[in-house]
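The values are calculated or read from the model by the stated rules, or taken from the named source; none is laboratory data. Fair warning: this is a prediction, and the values are worked out from it, not measured in the lab. Please note: Cβ atoms are built from the backbone with ideal geometry, for glycine as well, and neighbour counts cover all protein chains shown.
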Amino acid sequence: MRTAREAVMNGLAPDGGLYVPCEIPVLPESFWKSLNERSVHEIGFEIAHAYLSEDVPRAVLETIVQETLSFPIPLVPLTDWLSVLELFHGPTLAFKDVGARFTARLMGYFVANTDRELTILVATSGDTGSAVANGFYGVPGIRVVILYPSGRVSALQEKQMTTLGGNISALEVDGSFDDCQRMVKEAFMDADLQKTFQLTSANSINIARLIPQMFYHAWARAQSPSSARGEGWGGEGGITMAVPSGNFGNLTAGLMVKRMGMPVDRFIAATNMNDVVPEYLETGLFSPRASIATISNAMDVGNPSNFVRMQWLFQNNVEAMRKEMVGMRVSEEETKQTMKEVFDEHTYVLDPHAAVAYTAMKRFLDSDNSGSSGIIFATAHPAKFASVVEETLQTTVALPVELQACLEKESHSTKVSPRLDALKSWLFSR
Ligand SMILES: *Cc1c(COP(=O)(O)O)cnc(C)c1O
């Protein structure tokens, strides 16, 4: 048995597999029954404590949870039976902020009483890099090196990664995202680097990111009205949550918090045309393949890394998985159509990722006669995908002021060629 500390610091297990908890802790019924009387911080703390009580003292964990959840995560009702959980009010406007902020602070605590600095290498196509840069900014004992492909990230994403300075460095790689990823992998296996640096990664395979992602599933449940549609809300479930998915970290966290006792009927695994999981739920066959490009590009994943964790949760039994999950694939046309309809009917702007979840939820509710109510997860702010949103809705979306300020700051990055040598000499020259 490994400790939670080891799992978090290693990221990936020595055999190349993903870490999972030895068992999923169940929280008492009294906790779940009183959910709507609790603050988001209390809920987050109880969940995190159940996994980390042996590794992190109570007071430290309380602070980590408070600092992670430093922005609102409101549940916004659109109709009596459908609400949107807005996960995009963090510093980089996507739900990944929650996972990155928690992981950063947890790793910060774990390195605090060691004398070795931790170096985090991240390869990014844009979104992960900005969330990680922001989350780890200013955390003592940790420095972050981000590798991003030159000319292939948006101007805003580049600014978010290159203007912080301090313990965050950005390398502009003269190559593709695949080159960045390969360089990071090679660096982890390089003997010289191993000797000199304590290297780790902070991507979505790290179990530390799943823990805080359970907080807001429960927080969504806490904010649900007690009765809206029939006996749905507040009873034994009666709620369906639609999660727009790529690597399935968010959905895996949802399944885990359900095992901890959270009342929810089912999850909808909502994907764009990268639909290996909906296909698995239909056919029982899992066939990973190359991803295809869509307008909800943070979900363009052909081989979801958390699928193995879902298989572990259901012991490879597709029948069991079908009892808790419904798979739905959504086309580009439907995604845009939904964005238009929701804007016309509710003057509410969905980003393309949330629109995938909304479409799936609507399809589900239309065919469901159990009186279920729906919560959809809005994973990104529409301003983050402004060009698609503006073109589809023929309207303008304003960038929140904090990000406008970021666009005016000066960028600092170093151009490197797409080779391990270049990364190594940069690291050694610091
Ligand atoms: C990363 C991301 C997703 C996919 O989340 P997973 O946990 O990988 O399934 C969905 N929407 C947005 C905006 C994202 O950035």
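A quick yes/no check of all residues on (1) surrounded by 24 or more Cβ atoms within 10 Å (Cβ to Cβ); (2) small (G, A, S); (3) closer than 25 Å to V98 by Cβ:
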residue: L251; (1), (2), (3): yes, no, yes
residue: D275; (1), (2), (3): no, no, no
residue: S287; (1), (2), (3): no, yes, no
residue: W312; (1), (2), (3): no, no, yes
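Which residues, taken from the range 403-416, are loosely packed, with under 12 Cβ neighbours inside 10 Å and either within 17 Å of V184 (Cβ to Cβ) or touching a strand residue (DSSP E or B) at 6+ places or on another chain (Cβ under 6 Å) (or both)?
Residue satisfying the conditions is K415 alone.
Having 1 or more residues that are more than 21 Å from the chain's Cα centre (by Cα) and among the aliphatic types (A, V, I, L, M) is the bar; report the helices (runs of 4 or more DSSP H) wholly within the range 124-216 that clear it. Give the derivation first.
Numbers: elements: 127-136, 155-162, 177-189, 191-196.
Filter on the range 124-216 gives 155-162, 177-189, 191-196.
For residues that are modelled with pLDDT of 90 or more and among the charged types (D, E, K, R), scanning just the range 220-268, find the one that is farthest from the ligand (Cβ to nearest atom). Let's see the steps before the verdict.
First, pick out the residues of the range 220-268 that are modelled with pLDDT of 90 or more: 220-223, 239-268.
If we keep only those that are among the charged types (D, E, K, R) as well, we get 221, 258-259, 265-266.
Details: R221: 19, K258: 16, R259: 18, D265: 20, R266: 17 Å.
In this case the residue turns out to be D265.
Here are some residues: S370, S417. Which one is under 27 Å from T119 (Cα atoms), of a type in the set (G, A, S) and touching a residue at least 12 places away in the same chain (Cβ under 8 Å)? Let's see the steps before the verdict.
Values: S370 fails: under 27 Å from T119 (Cα atoms).
Every option except S417 fails the conditions.
Mind listing whichever residues of the range 324-352 are of a type in the set (S, T, N, Q) and either surrounded by fewer than 17 Cβ atoms within 10 Å (Cβ to Cβ) or within 30 Å of R259 (Cα to Cα) (or both)?
Answer for the range 324-352, where residues must be of a type in the set (S, T, N, Q) and either surrounded by fewer than 17 Cβ atoms within 10 Å (Cβ to Cβ) or within 30 Å of R259 (Cα to Cα) (or both): S331, Q337, T347.
Take V301 and tell me if it is touching a residue at least 24 places away in the same chain (Cβ under 8 Å), within 14 Å of the ligand (Cβ to nearest atom) and out of contact with any helix residue (DSSP H, G or I) (no Cβ under 8 Å at 6 or more places or on another chain). Let's see the steps before the verdict.
On the way: touching a residue at least 24 places away in the same chain (Cβ under 8 Å): yes; within 14 Å of the ligand (Cβ to nearest atom): yes; out of contact with any helix residue (DSSP H, G or I) (no Cβ under 8 Å at 6 or more places or on another chain): yes.
Yes.
Taking the range 360-398 on its own, how many of its residues are within 16 Å of the ligand (Cβ to nearest atom) and assigned to a loop (DSSP other than H, G, I, E, B)?
Total satisfying the criteria: 3.
Please list, ordered by first then second residue, the pairs with beta carbon atoms under 6 Å, 6 or more apart or interchain, first in the range 102-127 and polar (S, T, N, Q), second within 16 Å of the ligand (Cβ to nearest atom) and in a helix (DSSP H, G or I).
Partner pairs satisfying both residue conditions: T103/A208; T103/R209; S125/F177.
So which pairs qualify, if the first residue must be in the range 334-363 and polar (S, T, N, Q), the second must be surrounded by 24 or more Cβ atoms within 10 Å (Cβ to Cβ) and modelled with pLDDT under 95, the Cβ gap must be under 9 Å, and the two must be at least 6 apart or on different chains?
Pairs that qualify, where the first residue is polar (S, T, N, Q) and the partner is surrounded by 24 or more Cβ atoms within 10 Å (Cβ to Cβ) and modelled with pLDDT under 95, are T335/S296.
How many of the residues in the range 269-298 are more than 11 Å from the ligand (Cβ to nearest atom) and within 22 Å of A354 (Cβ to Cβ)? Spell out the reasoning first.
Quick first cut of the range 269-298, residues more than 11 Å from the ligand (Cβ to nearest atom) only: 273, 275-276, 278-295.
Adding the requirement that they be within 22 Å of A354 (Cβ to Cβ) leaves 273, 275-276, 278, 281, 291-295.
Going through the range 269-298 one residue at a time, the tally reaches 10.
What about F307, is it buried (at least 18 other Cβ atoms within 10 Å of the Cβ), under 27 Å from D178 (Cα atoms) and either in contact (Cβ under 8 Å) with a residue 60 or more places away in the chain or within 12 Å of the ligand (Cβ to nearest atom) (or both)? First the steps, then the outcome.
Working: buried (at least 18 other Cβ atoms within 10 Å of the Cβ): yes; under 27 Å from D178 (Cα atoms): yes; either in contact (Cβ under 8 Å) with a residue 60 or more places away in the chain or within 12 Å of the ligand (Cβ to nearest atom) (or both): yes.
So F307 passes the test.
Can you tell me which of (1) over 23 Å from the mean Cα position of the chain (by Cα); (2) of a type outside the set (D, E, K, R); (3) crowded, with 20+ Cβ neighbours inside 10 Å is the one S370 doesn't meet?
(3)
Just to be sure I understand the filter: pairs with C-beta atoms under 7 Å, separated by 6 or more residues or on different chains, first member in the range 8-31 and free of Cβ contacts under 8 Å to residues at least 24 places away in the same chain, second member buried (at least 18 other Cβ atoms within 10 Å of the Cβ) and not in a helix (DSSP H, G or I). Which pairs pass?
A13/Y19
Please verify whether F428 is in contact (Cβ under 8 Å) with a residue 40 or more places away in the chain and either closer than 30 Å to V326 by Cβ or in contact with a Lys or Arg (Cβ under 6 Å, 6 or more places away or on another chain) (or both), treating the condition exactly as stated. Reasoning before the result, please.
On the way: in contact (Cβ under 8 Å) with a residue 40 or more places away in the chain: yes; either closer than 30 Å to V326 by Cβ or in contact with a Lys or Arg (Cβ under 6 Å, 6 or more places away or on another chain) (or both): no.
No, not satisfied.
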